[in-house]
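See structure below.
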Amino acid sequence: MNIYIYIILSYLLILTAFNLYKSKAVKNQDDMMVAGRSLGVGKMVFTLICTWIGSGTFIAGAEFAVRAGWSSLWMPAGAWAGIALIYFLAGKIRTFGQYTIGDILEVRYGKFARLFGAIALVIAFTTIVSYQFRAGGLIMNIITDGAISTAQGQIVAAIFVIFFTAIGGMIAVAHTDLPNGIIIVLACIIAVPFVVIGAGGWEQAALVLPDSHFQWFSTDFGTHPILKGFSYFLATMFLLLGIQSMYQKFYSAKTPGDAKKAVAFWIFGTVVVETVVVVIAIYAAVYFAGIGLVDYDPAAIILMAAKSPDLLPAPVGILLLAAAVVVVISTGMNYLLSPSTNLIRDIYQTFINKNADQKKLVAMQKILIVVICLFAFLMIFIPTVLEMKISVLKYAYTAYTLYGVAITPALLAALAWKRATKQAGVWSIVLGSLVVIFLDIVVVYGFPELLINDDPWGIPSIYPGLLVSIGTLVIVSYLTPKPSRETLIKLFPDMK
């Protein structure tokens, strides 16, 4: 063991005590799912940052930056565009003030849209939780110099995530995200100048890295680099525009005004952190290339930089490692809470017991958190034990695509397009999901000979998926009767 692991474990134990204290405030469904709708702007900003900045940024984003250079920014840029667009809907979402996106889908498209949306969300979010555990295992392995294996580290990460989420729900998530968000932002900003200087200065990258790292669309993207680059952009943008974790945070705000203000600060924090992570990854790669180290896992580049005394002084390295740990914990908590909320709200309360006792609902959600966590853990632990090749980037991209194609078009239409009809919403969700499942699961694992640069026939699934999802939404809407005024008025109060 070393000083890194002792400090980080001490911080996690402090968070544990804090969450146990906050868990006493969880009395009902509002507390568990939306923090009693009590979050001000400050807590909202940092919990939004923590929800989005996860191992998809520190592990998958860093891996992507090492492989593709500056063109890897296409992936986070999709999130920036998504946040800019969601700014105009944040107040409206909070005014609606329910619990899940299923509440919105049911108002516009009926119970089956709610059911199918919940199923797609549970699949996508369980996948996202699974690679948080993978990232946690990798982090534990790196910071202990191999004393803890990646598989063992995944167990530790899962234990902390499940415990934090189950004991306090959204109250614990939101209040934990405040210190975690501060650590993430500070660590990234402080580490950048040290890494750039340690690598030999800003100009050193051009002397060491291949020309493809400085192209708008890296040749690493494969046969159709422009299509691939925009596919990353679209996958992250459509995920963010419809992601329930964010909607739950908006529902948790004190007022619609607080929700909208928080989004304005959120986009600034996200742009800074995601850009800075790419810079750290690229210049860490420059440094390691300069010392002749080429045989390493690109996904671990941020962690390796944090532990290198020639790049970062120990206090800054510890802070960066702590940031990597807390993004795994925070994102895992957020994405574990959401599907459990859906199973309670969109399936149990909608189809089984509408008037369930509040204490019973809270207890059931805690049990579901454990069950979902177990499935997520097995999704990543079994491939780890079998020594299968695992890419956090691939896991992230598949989950982003499934969710963005299945949910987001219908959800945005529900909020912004009065002509969208019940039949159109249901078929958009179902057919969009089926296209992505067929291309990214059936074809990838059943017919690998059809893959060109990891994509079926060389075409990223986001394109046919969105074409079918949006096309179905528009065509079926115009082929079916307009929604009634009674349906629309719930989401368009101006019609009063």
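Count Lys and Arg as plus one, Asp and Glu as minus one, and take only other residues whose Cβ is under 11 Å from that of Val107; the net charge is then +2.
Tell me, in nm to one decimal, what length is gained between Asp310 and Ile3 on full extension, where the rule is 0.36 nm per residue of separation less the Cα-Cα distance? Each step should come with its number before you reach the end.
Numbers: separation 307, 0.36 × 307 = 110.52 nm, distance 1.73 nm.
Using 0.36 nm per residue and subtracting the Cα-Cα distance, I get 108.8 nm.
A simple spin-label model places pseudo-atoms 7 Å from Cα toward Cβ; at Ile155 and Glu387 they are separated by 2.0 nm. With K and R counted +1 and D and E -1, the other residues having a Cβ less than 14 Å from that of Phe214 yield a net charge of -2. Using the alpha-carbon positions of the stretch 296-347, Rg (one decimal) and Dmax (whole number) come out as 16.5, 54 Å. Between Thr480 and Thr144, the modelled label-to-label distance comes to 5.3 nm, taking each label 7 Å out from Cα in the direction of the beta carbon.
Per residue, the average separation of C-alpha pairs within less than 8 Å and at least 6 apart gives the stretch 376-439 a relative contact order of 35 percent. The angle separating the long axis of helix 462-479 from the principal Cα axis of greatest extent in the chain is about 10 degrees.
For the chain, the longest principal axis of the Cα atoms and the long axis of helix 392-406 meet at an angle of about 20 degrees. For the chain, with all protein chains in place and a probe radius of 1.4 Å, 70% of the accessible heavy-atom surface sits on carbon or sulfur.
Rank these by accessible area, largest first, 1.4 Å probe: Phe238, Phe447, Phe112. Kindly include the intermediate steps, with their values, before the conclusion.
Details: Phe238 25, Phe447 95, Phe112 130 Å².
Highest to lowest solvent-accessible surface, that is Phe112, Phe447, Phe238.
A simple spin-label model places the labels of Gln358 and Trp417 3.9 nm from each other, with each point 7 Å out along Cα-to-Cβ.
So what's the net charge close to Ile167: Lys and Arg +1, Asp and Glu -1, counting the other residues with Cβ under 11 Å from its Cβ? Summing Lys and Arg as +1 and Asp and Glu as -1 gives +3. Residues of the stretch 463-496 falling in the label zone of Ile226, defined by backbone nitrogen less than 19 Å from a point 7 Å along Cα to beta-carbon, are 463-464, 467.
Normalised by the number of residues in the chain, the mean separation of alpha-carbon contacts (under 8 Å, six or more apart) gives a relative contact order of 30 percent. Estimated from helices alone, the mean residue ellipticity of the chain at 222 nm is -24000 deg cm²/dmol (sum of -39500 (n - 2.57) over DSSP H runs with n ≥ 4, per residue). Tell me the label only: which of (i) 21.9; (ii) 26.0; (iii) 40.7 is mean projected area of the Cα convex hull in nm² as calculated from this structure? Matching the structure shown: (i).
Of all the stretches in the chain, which is the longest one without any exposed loop site, taking GluC sites (Glu not before Pro) in a DSSP loop (any state but H, G, I, E, B) with at most 10 other Cβ atoms within 10 Å?
Of all site-free stretches, the longest is 1-202.
Would you kindly state how much longer the chain becomes between Leu378 and Ser10 on full extension, computed as 0.36 nm times their sequence separation minus their alpha carbon distance, in nm to one decimal?
Numbers: separation 368, 0.36 × 368 = 132.48 nm, distance 2.74 nm.
Full-extension gain reported as 129.7 nm.
With protein chains left intact and a 1.4 Å probe, residues in the chain average 38 Å² of accessible area per residue.
The values are calculated or read from the model by the stated rules, or taken from the named source; none is laboratory data. These figures come from a predicted structure and were not determined experimentally. For neighbour counting, all protein chains shown are included, and Cβ atoms are generated from backbone atoms with ideal geometry for every residue, glycine included. What goes into the accessible areas is simple: the full protein's heavy atoms, side chains included, and nothing from ligands, DNA or RNA. Shrake-Rupley method; radii C 1.70, N 1.55, O 1.52, S 1.80 Å.
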